[in-house]
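Asker: Structure below; questions to follow.
The numbers here are math on the coordinates, done by the rules we state, and not lab data. Given the structure is predicted, the values throughout are model-derived calculations rather than measurements. Here the Cβ positions follow ideal geometry from the backbone for every residue, glycine too, while neighbour counts run over all protein chains shown.
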Amino acid sequence: MDIRTVLQATAVSQEHLQSLQMKRWQWSAYFALDGVKTIGELASRLGQNDDGAVEMAKMFLETGIAEEAPISMSGFLTTQGSDAKKAVETVNLTAFLTDRTMEDVASEESDQKPESESKPKPEPESEQEPKAAELELPLEEPKEDAPPEPIALSEHTISKMSLNSVIQFILQETGNPIAVYTTFLMVPSDLLKKNEIEHLPMAQEAFEVLIYDAELQEAIKQAVKQKLAKNIPDTVFK
Amino acid sequence: MLLTAEQALHSFVESTKHYFKKETWANIRIEDAAVQLQYPFDSGICSWVKLTGLANGWVILSAPQEMVEVLLREKNRAVSEIDCREFMKEMAEAISENAKKDLGTDLNVEVVQQDGDHPNFSDDDELPVFVVPMVWRNHQANLVMLIENLSV
């Protein structure tokens, strides 16, 4: 367990809750569990360090008042920042370089199991003998006159839409925060929910929310176009 | 560019500010507005204003009972729960009347008089809302806009 763990409250009886003794900040954190914020975020907002966050989470789990919240890939990418972004780009690049789809790569990665589970053990008598095919593989010298094709990374990198930038664009255009609300009324709620967006970051200093889901990006683009009669600017894409 | 429907809705915010300044001689502080994708769990007293026309939906004024009691005491009025509910309706009527001056004829407003004449949303309902927190003497009230559909 680490500070990126996300917990959600479980359905427990009032009697069980009342029987527990916790520090004030831990109760505050418990009532703020929403299945979205990491334990690190919660503890940090309550003035606690990482160790405090982990200790708190262990206690929540041990007492059964919380459980680890599952998270979808898109939700993870929306909330976990640059590490997740790199992970996706790696999968994407792997797919591109090997001429396979992202789904193929993801599927193959998920299918990878420990060798003992996925492959039958070799027969004892052949265990020490290398396979013929391995011995006969010729080592090819790289051909200097045939440089590899340049990789058009930009075409194969997932574009990320900054939700904060979209909101600031609407505010700049309208000068009215209610326009942000009415614009997002045109975006299907289930798409926002699927991407684990529960509120819109209206303040300029709000934590940046990046959207990787192409369907949600398109819905937001269409809503902005319909509301403002303007295309969303390229600057909202990172 | 200011959009007509949004401008009309914004008049409720201005009208609420005006109400508090006029009735209590104290400014109300408007905090950062928020768009939430879930109806906020509400523990205060609410008054409901039905919107029809340019926008169909609700404007909900909610305030903690302690805040309403303070307002009532300043007016030397009784502070039972029924009094508090009645006063919230009066407040919603005053704010709506004031807002109407800016609304024109395209947006109709009507304060709901009876509990049960408005939908009972809970925190489980996934309804995008626009929440304007308003702080008056350390009490926080909310002006919540819940638009079901809008004429663009």
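Asker: Where in segment B:13-106 are there chymotrypsin sites (Phe, Trp or Tyr not before Pro) that are in a DSSP coil and have at most 10 other Cβ atoms within 10 angstrom of their Cβ? Present the calculation step by step, with values, prior to reporting the outcome.
Answerer: Details: sites: B:19, B:20, B:25, B:41, B:48, B:58, B:87; in loops: B:25, B:41.
Those that pass, being in a loop and sparsely packed, are B:25, B:41.
Asker: Related question: Could you please rank A:63, A:174, B:16, placing first whichever residue has the fewest other Cβ atoms within 10 Å of its Cβ?
Answerer: On the way: A:63 16, A:174 20, B:16 25.
Fewest-to-most Cβ neighbours within 10 Å comes out as A:63, A:174, B:16.
Asker: Label-point separation (nm) for residue B:118 and residue A:45, each offset 7 Å from Cα along Cα-to-Cβ?
Answerer: 2.7 nm
Asker: For an R0 of 41 angstrom, estimate the FRET efficiency from the Cβ-Cβ distance between residue B:105 and residue A:32 and round to the nearest 0.05.
Answerer: Working: r = 45 Å, r/R0 = 1.10.
Result of the calculation: an efficiency of 0.35.
Asker: Still on this model: Any chance you could give the angle, 0 to 90 degrees and rounded to 10, that helix B:81-103 forms with the longest Cα principal axis of chain B?
Answerer: So the helix axis and the longest Cα principal axis differ by about 40 degrees.
Asker: Would you mind getting me the FRET efficiency between residue B:30 and residue A:159? Use the beta-carbon distance for r and R0 = 41 Å, nearest 0.05. Can you show the working numbers first?
Answerer: Details: r = 36 Å, r/R0 = 0.87.
For R0 = 41 Å, the calculated efficiency reads 0.70.
Asker: Once the piece of chain linking residue A:207 and residue A:73 is laid out straight, how much longer is it, given 0.36 nm per residue of separation minus the C-alpha distance between them? Mind showing how you got there, number by number?
Answerer: Values: separation 134, 0.36 × 134 = 48.24 nm, distance 1.93 nm.
Full extension from residue A:207 to residue A:73 adds 46.3 nm.
Asker: Could I ask something else about it? Report the chymotrypsin sites (Phe, Trp or Tyr not before Pro) located in segment A:161-237 that are in a DSSP loop and have at most 13 other Cβ atoms inside 10 Å of their Cβ, or state none. List each step's numbers first, then the result.
Answerer: Values: sites: A:169, A:181, A:184, A:207, A:212, A:237; in loops: A:207, A:212.
Those that pass, being in a loop and sparsely packed, are A:207.
Asker: Looking only at other chains, what is the average number of their beta-carbon atoms within 10 angstrom of each beta-carbon in B:27-38? If you can, show how the numbers build up before the last one.
Answerer: Details: counts 0, 0, 0, 0, 0, 4, 7, 9, 13, 4, 9, 4.
If you average over the peptide's residues, the count of other-chain Cβ atoms is 4.
Asker: Here is a follow-up. What's the average, rounded to a whole number, of partner chain beta-carbon atoms within 10 Å of each residue's beta-carbon in A:192-199? Don't skip to the answer; put the middle values down first.
Answerer: On the way: counts 3, 3, 0, 0, 0, 1, 4, 8.
Whole-number average of other-chain Cβ neighbours for A:192-199 is 2.
Asker: For the pair residue A:16/residue A:62, report the inter-label distance in nm, with labels modelled 7 Å from Cα in the Cβ direction.
Answerer: 1.7 nm
Asker: Same structure again: Quick one: how many lysine pairs does segment B:1-91 have with C-alpha atoms less than 17 Å apart and a gap of 8 or more or different chains? Give me the count, please. Could the numbers behind the result be given before it?
Answerer: Values: B:17/B:89; B:21/B:75; B:22/B:75; B:50/B:89; B:75/B:89.
For segment B:1-91, the number of qualifying lysine pairs is 5.
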